[in-house]
Amino acid sequence: MQTLSYPPAIAKLIEQRPRMPLVAGTPDPSVSEQLDSAMIERLFGKEVIHDRTAARLCLAGLWLLYDHLDECHSIAQSIETSDGSYWHAIMHRREGDFSNSKYWYHRVGDHPIFPALLEETTRLVGGVGVLPLFLETHWDPFAFVDLVGRTFRGQSNSEKLCRDIQQTEWQLLFDHCYRKAIESR
């Protein structure tokens with residue numbers, strides 16, 4: 001999966017973070033000062049922010065990456081767009097509130113990253129049909145929430161796969177929001 005080239009501050013935050021846990025982890029206090037919302041311009045460096053809402057969603061994604069679910073939630077719930085709902089849905093899935101996650105996925109609708117997420121997930125599992133429901137012709141976020149829930153409850157041994165998919169989903173959504181933040185319309 002090809003990712004974007006980010007300004008140094010964002011690149012460092014993404015590169016130094018190990019994969020996220022499947023559900024809520026321990027917030028990493030070392031990033032709090034770097035992710036202060038008043039410093040969003042510093043994160044974006046020389047890039048001109050054309051869409052401040054999308055830039056704030058990048059910030060929500062970075063908080064999520066470092067297990068600061070409350071900070072992610074605060075930003076995502078205040079932005080009533082498909083992208084805001086998507087970060088909100090992931091955050092609730094990470095906290096183990098699977099029904100609330102599905103509620104927010106309903107508000108996402110058919111998101112532009114779904115085709116790429118389906119393609120990457122198909123690659124991760126080794127082909128279409130290996131995992132039913134979301135690997136046929138479209139990405140089904142509800143089926144993924146269910147799989148994460150079963151894994152969380154010990155009813156599936158798919159933790160590594162779920163974490164790989166989750167990381168891919170995070171990266172695709174972050175790239176999507178980052179592009180929107182910096183591209184002039």
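The values are calculated or read from the model by the stated rules, or taken from the named source; none is laboratory data. None of these values were measured; they are calculated from a predicted model. Note that we place each Cβ from the backbone using ideal geometry, even for glycine, and neighbour counts take in every protein chain shown.
Within segment 53-82, the set of residues being farther than 21 Å from PRO21 by Cβ and either touching a His at 6+ places or on another chain (Cβ under 7 Å) or at pLDDT below 95 (or both) comprises GLN77, SER82. The residue pairs whose first member lies in segment 147-164 and is in contact (Cβ under 8 Å) with a residue 40 or more places away in the chain, whose second member is among the hydroxyl-bearing types (Ser, Thr, Tyr) and surrounded by 15 or more Cβ atoms within 10 Å (Cβ to Cβ), and whose beta carbons are closer than 8 Å, counting only pairs six or more residues apart or on different chains, are THR151/SER158; GLU159/THR151; CYS162/THR151. Look at PRO27 and say whether it is part of a loop (DSSP other than H, G, I, E, B), exposed (fewer than 15 other Cβ atoms within 10 Å of the Cβ) and touching a residue at least 24 places away in the same chain (Cβ under 8 Å). No, not satisfied. Among the residues of segment 94-115, at least one is within 13 Å of the chain's Cα centre (by Cα), outside any loop (DSSP other than H, G, I, E, B) and charged (D, E, K, R).
Mind listing just one residue for me: the one in segment 133-153 that is modelled with pLDDT under 90 and farther than 17 Å from TYR86 by Cβ and, of those, surrounded by the fewest Cβ atoms within 10 Å (Cβ to Cβ)?
Initially, segment 133-153 is screened for residues modelled with pLDDT under 90, giving 133-138.
Retained after the next criterion (residues that are farther than 17 Å from TYR86 by Cβ): 133, 135-137.
Details: LEU133: 11, LEU135: 19, GLU136: 13, THR137: 8.
Result: THR137.
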